[in-house]
Amino acid sequence: MRSPDGNGQPGIKSELLDLSGFSLSELRKLDPVMLSRSIRHAAERTAHIPVTASGSGGAKRVD
Amino acid sequence: MHTKDRLASDPDLHSIPWDTFDRLAVGSGGLSAVRLLRNTDRSRRLLLLAGLVDLAKTAEQVTGPLSSAEEAWDLLVRAQEAEPDALERMIAHPYTGSWAGYTTRLIEQGLAGEGPLWVHYGYFHTLAAAAAIHAGLDFSIRVPVWNDTVVLPTLGAARLEEGGGFTTAEVHAAAGTFTINGERSRVVPGTPAWSPLRTFRFEAAGRILDLRLDDLDPHRGLYHPIPPERLAETEAASWRDLLGEAWRLIVEHLPEYAEVLPSGLTSIVPQPAVPFRLPSASTGEAFGSAVIAAPDAEEPATLAAALVHEFQHIRLGGLLELVRLHDDDRTERLYAPWREDPRPLGGLVHGIYAFFGVSAFWRAFSRACPEDRLAAFEFAHWRAQTWQTLEAIRDDAALTGEGRRFLSELATVFGPWQAEPVAPEAAQWAKTLAEDHYAGWRLRHVRPEPGPTAEVARAWAQGERCPQVVPGGRLDTESDGEWANARADLIRVRFGRDGETKLSQVWSEVPGALEGDRRLIGGLADEARAAYQAALDRDPDEAATLIGLGLSLPAGPARRALLGVPELVRAVHRLLRDAGTPPAVGELAGWIGEALV
């Protein structure tokens, strides 16, 4: 997604809420619809485990 | 969630400026870029945590016999109010991220975990307890016990005596101390039943790296919770010494990375040593963590390269929370010079970024220490293999515009490195290793088409010229055979300290090493060829020997066939064996090579 950031500088906008300015107590006072949408986005992305490893697991002869 | 007392302003969405994106692509961007990635991952973790706490309101069974999720949340809130850094330590803890991902997956997908759901969910309670301890609060909270063990993330592990299985204990803190109280036993820090998490601080030229050596946390692995595997003190001391030396090398040779690496790599998960190798891994869910096998005491530079490698994966994992570089195609369809198996596009993008960093390290090290033959070899090897991979995918249709831009930016820095001079022997052996690996990959994963294979076999049997051979075949993700890449290990032995002597001493200890391999890597190609041919007379199907024969041959059709289409040579030879008239493998390869396009 391409859009300007908060400073008007061109950039890429994600679908994650920026919670860096909010305490845990404040987190619970956020717009519930907006919060739920961002939680769902984060939860859906857990479906795939992004593991990277050098080498690979054992392999078996198949012929 | 409460809906009253709404805040005056809502949060924005995370974003990344294009210039930061471009600088990250070339391994730059400084601390501000890494902090941006950290902040993004922090929000991801908080969102998952908030989602899990919300879930417990309507599914109380997720906490089972533990304190409620609200109690754990409230304890976190108290910790933040008393000492904000206490909460930040827990949110930034790498395994908070992997726990949040794992537990969300269990619930979202209805999966069975390693234990009851409440045990996994209850890691949240241990996070709250650890945050409260860091904040100096007085509190009590009930946490899960798994096989008599309670791990308090970032602090350590208590070994109770509860009879095993899944039970509970109370973490109680008052007046600056804490205890872990089970039904039958009690642990106090400072006693033999308490294993504190080991933390190290390294300083080199004013640069500080704080690392935890985490052998305790249940979420330190890659996929699912694992029990503690406490290292002996001597092993931990060895890790400390080598990590310190590796850090010194990074500071000295790669100062731009040394500036930012401490913000992106905070925890090392030690794994048992693998002879002659240093495998490592990481997961995008655990920003800040790398899983690394115990390093060779004589090769701190290899450990330094591994730290840079994993840091690059961590950086890219963070960026991918913000930006899609490719679509969700996870088809394992592409050749990667660093893996035995076909990889999806995303795996190659990750690998390119990681080995770009590795190339940068060896390039700088080799420039500073031109007499270091291993450094020269590693630079020659990784720059060529990584560049070839980049060239292969930079126009892949599954890349997004951002993905194309990322690789293009990277190429502007990486491309000129390809022309830099390296020692001829380093270049030669890098080429040999590349040919070796690619031929091995084809033997493992490319299946020749039956029709053309039979036609080639028929032509041989009739004494005809070989029909034109175009490299092709069908990709199969399952490997046809299993063998070690011993020649890669032997090459590195040869280029290590006292390499030639060591090669003759330890070659037989290298897993899978053949007599022909020792001679080939020792520079005795004629003797190697004789050894490989003798081995093929005994077993003409042996994959490592087939490729070894190809590597030992001078340039010509037989070498071309054995390294370019080894799967076809083997398949045709199998048919001729079945017909009862098998030729020498080298002779058949030479005949096929004449027709190879």
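For the protein assembly as shown, the average shadow cast by the Cα convex hull is 31.6 nm², which is a quarter of the hull's surface.
Farthest toward the positive end of the dipole of the protein assembly as shown, out of B:Q533, A:P10, B:A360, is the Cα of A:P10, where the dipole comes from beta carbon charges about the Cα centre. With neighbours defined as other Cβ atoms within 10 Å of a residue's Cβ, the residues B:C466, B:C369 order from fewest to most as B:C369, B:C466. If a paramagnetic tag sat 7 Å from the Cα of B:A579 along the Cα-Cβ line, which residues of segment B:455-472 would have the backbone N under 11 Å from that point? Those under the cut-off are B:455-464. Which of the helices in chain B meet the span-like rule: DSSP H, Cα axial reach of 15 Å or more, Kyte-Doolittle mean at least 0.5? Membrane-span-like by this rule: B:123-135, B:300-319, B:345-368.
Our helix-only sum for chain B, with -39,500 (n - 2.57) per DSSP H run of n ≥ 4 divided by its residues, gives a mean residue ellipticity at 222 nm of -17000 deg cm²/dmol. For segment B:221-330, GluC sites (Glu not before Pro) meeting the loop criterion (DSSP other than H, G, I, E, B) and having at most 14 other Cβ atoms within 10 Å: B:E229, B:E298. Remark: spin-label model distance B:V413-B:E235 equals 3.6 nm, labels positioned 7 Å along the Cα→Cβ axis. Pairs of Lys residues in the protein assembly as shown that lie 8 or more places apart, or on two chains, and have C-alpha atoms under 25 angstrom apart add up to 5. The charge dipole of segment B:27-197, taken about the Cα centre with unit charges on the Cβ atoms of Lys, Arg (+1) and Asp, Glu (-1), comes to about 480 debye, rounded to the nearest 20.
Put a plus charge on the Cβ of each Lys and Arg, a minus charge on the Cβ of each Asp and Glu, and nothing anywhere else: the dipole of chain B about its Cα centre is then about 640 debye.
Applying the criteria of a DSSP loop state and at most 14 other Cβ atoms within 10 Å to the trypsin sites (Lys or Arg not before Pro) of segment B:122-221 yields B:R184. Simple point charges give the picture: +1 on the Cβ of Lys and Arg, -1 on the Cβ of Asp and Glu, and for the protein assembly as shown a dipole about the Cα centre of about 640 debye.
Taking all Cα pairs closer than 8 Å and separated by 6 or more residues, the relative contact order of chain B comes to 9 percent.
With Cα atoms defining each centre, segment B:570-597 and segment B:7-56 are spaced 57 Å apart in the structure. Dipole orientation for segment B:114-260: of the candidates B:G221, B:T234, B:V145, B:V145 has the Cα lying most toward the positive pole (charges on Cβ; Lys, Arg +1; Asp, Glu -1). Here segment B:527-547 and segment B:383-422 have alpha carbon centers that stand 37 Å from each other.
Throughout, read-outs are computed from the coordinates displayed, never taken from laboratory work. Treat the numbers as computed from the prediction; the structure is a model and nothing was measured. Reconstructed Cβ throughout: ideal geometry from the backbone, glycine too, with neighbour counts over all protein chains shown.
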